[in-house]
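Worksheet for the structure shown next.
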Amino acid sequence: MYKKIALKEMQTEDFIRENEKTGEICIVKSRLRDIEPIAVGKGMFTKVNANIGTSKEIDSLEDEIIKLELAVKSGADAVMDLSTGKNIDYVRSKILEKCKVPLGTVPIYQLMAEALENKKKIDKITEKDFFESVEKHANQGVDFVTVHTGINRKTLQILKKSPRLISVVSRGGSFILEWMKKTGQENPFFEYFDELIKISKKYDMALSLGDGMRPGCLNDSTDNAQIDELQNICLQAKKCVSKQAKVFIEGPGHVPLNEIEINVKLQKKLSGKVPFYVLGPLVTDIAPGYDHITGAIGGAIAAAAGADFLCYVTPAEHLRLPSLEDVKTGVISAKIAAHAADIVKRGEAALKRDREFSEFRRDFDWKKQKIYSIDPEMFDKYVDSKISDNNTPCTLCGEYCAMKEKFNE
């Protein structure tokens with residue numbers, strides 16, 4: 001396993017083993033799955049995750065399988081199944097069968113969805129139910145799970161006094177907070193965190209410590225609620241590392257450009273450089289339909305500053321369940337952001353492909369440009385049929401193309 005990862009990441013096996021021990025690299029793969037693992041963290045190429053899954057309103061397993069296959073074909077390194085429709089166990093089993101990359105889930109989504117479907121009151125859900133939901137997913141072979149472990153009673157008190165414009169945007173976070181309000185009990189994932197470590201180690205499944213207090217708009221970025229939760233999560237991550245459990249940390253959210261690097265550096269400092277998985281971040285609130293762009297801008301800055309894993313954002317973010325086209329656009333946008341950041345973080349290892357592509361562009365080698373481009377289908381869509389042959393400039397400049405002359409020879 002380490003040899004394959006080392007070759008793919010252009011690092012040594014010793015480098016990967018050493019940094020896995022310190023928690024700075026997380027190798028994501030359940031021991032129950034026969035797939036190629038991914039390595040996330042220090043010295044690794046930035047990874048991209050794509051979200052799929054049914055909802056109560058749009059519940060088609062067939063559509064989600066097609067999205068899964070398209071996401072992986074487009075370059076997603078991992079996929080998360082966020083299904084909340086019907087027959088969630090069956091849906092997940094079929095997605096696991098088809099998924100050739102690490103698969104993540106959010107077990108509390110299923111716990112919540114099935115409770116509501118069965119008209120079970122939230123306060124009747126037990127602490128035992130929380131952990132059984134996680135173990136069910138782990139036993140089915142899921143490679144990583146998001147668990148909202150940093151929310152506690154103090155969080156509720158902070159929110160009551162908070163000037164937040166939008167209180168909570170995390171589905172998992174809101175469910176736990178609602179359960180705490182109605183039962184008067186502490187968040188089981190916070191209070192009995194060691195139980196999650198046991199499940200993680202039993203299945204060699206990674207824990208993605210979720211950001212239930214992530215900001216849902218720029219106004220709320222880097223506030224008391226977000227930072228208090230981050231402090232809790234970072235302490236829990238250190239505990240995972242000490243017990244050799246796989247872990248990474250989730251981050252915001254909606255964050256203005258000037259706060260992204262601060263957020264990344266703070267997470268790295270508080271956690272002991274545990275891998276950081278970010279949603280976007282989205283750098284403006286006013287671009288519905290274009291949030292794949294706002295997310296790619298934020299993702300590139302975050303990854304260049306040290307974030308390790310980007311969750312894609314599609315044009316459908318905040319609006320609806322993404323379509324096939326949205327899924328591909330989201331993956332490609334995040335891949336561009338990840339590669340742009342890797343040029344900063346990995347230098348020549350990432351820049352090599354750009355240099356070779358530029359040679360093909362210089363030589364008007366259209367066939368090789370297509371092969372090396374991040375989206376060959378998009379290349380085909382835009383390249384003019386008149387220049388399908390090599391040695392012909394594109395139709396923008398035509399015979400006036402500056403590259404026809406080699407002035408430096």
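Quick grid of which residues meet (1) of a type outside the set (Gly, Ala, Ser); (2) over 14 Å from Asn263 (Cα atoms):
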| residue | (1), (2) |
| --- | --- |
| Tyr277 | yes, no |
| Ala287 | no, yes |
| Ile297 | yes, yes |
| Ala305 | no, no |
| His318 | yes, yes |
Members of the stretch 16-36 that are surrounded by 17 or more Cβ atoms within 10 Å (Cβ to Cβ) and free of Cβ contacts under 8 Å to residues at least 40 places away in the same chain: Ile16, Asn19, Glu20
Single match in Ala76, Ala71 (criterion: assigned to a loop (DSSP other than H, G, I, E, B) and at pLDDT 95 or above): Ala76
Some residue of the stretch 193-201 being crowded, with 22+ Cβ neighbours inside 10 Å, modelled with pLDDT of 95 or more, of a type outside the set (D, E, K, R) and farther than 19 Å from Lys128 by Cα: no
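Return the only residue of Ile166, Ile151 being over 23 Å from Glu64 (Cβ atoms) and crowded, with 23+ Cβ neighbours inside 10 Å.
Details: Ile166 fails: crowded, with 23+ Cβ neighbours inside 10 Å.
Going through Ile166, Ile151 in turn, just one is over 23 Å from Glu64 (Cβ atoms) and crowded, with 23+ Cβ neighbours inside 10 Å: Ile151.
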Unmet criterion (only one of (1) crowded, with 21+ Cβ neighbours inside 10 Å; (2) assigned to a helix (DSSP H, G or I)) for Ile262: (1)
Criterion: hydrophobic (A, V, I, L, M, F, W, C), farther than 25 Å from Asn51 by Cα and in contact with a Gly (Cβ under 6 Å, 6 or more places away or on another chain) - qualifying residue of Val283, Val241, Val278: Val241
Boolean, Asp59 is of a type in the set (Asp, Glu), free of Cβ contacts under 8 Å to residues at least 24 places away in the same chain and surrounded by fewer than 23 Cβ atoms within 10 Å (Cβ to Cβ): no
Residues of the stretch 317-330 satisfying the condition of being out of contact with any strand residue (DSSP E or B) (no Cβ under 8 Å at 6 or more places or on another chain), among the hydrophobic types (A, V, I, L, M, F, W, C) and within 16 Å of Asn49 (Cα to Cα): Leu324
Verdict on Gly306 being within 14 Å of Leu209 (Cβ to Cβ), surrounded by fewer than 24 Cβ atoms within 10 Å (Cβ to Cβ) and in contact with a Lys or Arg (Cβ under 9 Å, 6 or more places away or on another chain): no
Failed item, numbered, when Ser167 is tested on (1) among the small types (Gly, Ala, Ser); (2) free of Cβ contacts under 8 Å to residues at least 40 places away in the same chain; (3) assigned to a helix (DSSP H, G or I): (3)
Filter result (under 20 Å from Glu250 (Cα atoms) and assigned to a helix (DSSP H, G or I)) within the stretch 134-153: Val134, His137, Ala138
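Quick grid of which residues meet (1) assigned by TED's automatic domain parsing to the domain that holds Leu103; (2) part of a helix (DSSP H, G or I); (3) not charged (D, E, K, R):
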{"site": "Ala303", "(1), (2), (3)": "yes, yes, yes"}
{"site": "Lys328", "(1), (2), (3)": "yes, yes, no"}
{"site": "Ala340", "(1), (2), (3)": "yes, yes, yes"}
{"site": "Phe357", "(1), (2), (3)": "no, yes, yes"}
{"site": "Ile374", "(1), (2), (3)": "no, no, yes"}
{"site": "Glu399", "(1), (2), (3)": "no, yes, no"}
Every pair of residues 6+ apart whose Cβ atoms lie under 7 Å, when the first sits in the stretch 81-95 and is part of a loop (DSSP other than H, G, I, E, B) while the second is surrounded by fewer than 23 Cβ atoms within 10 Å (Cβ to Cβ) and of a type in the set (Phe, Trp, Tyr): Leu82/Tyr109; Thr84/Tyr109
Residue list for the stretch 28-68, filter: touching a Lys or Arg at 6+ places or on another chain (Cβ under 7 Å), within 21 Å of Lys269 (Cα to Cα) and part of a strand (DSSP E or B): Val40
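The values are calculated or read from the model by the stated rules, or taken from the named source; none is laboratory data. Bear in mind the structure is a predicted one, so any value in this text is a computation, not a measurement. No Cβ is skipped: glycine too gets one built from the backbone with ideal geometry, and neighbour counts run over all protein chains shown.
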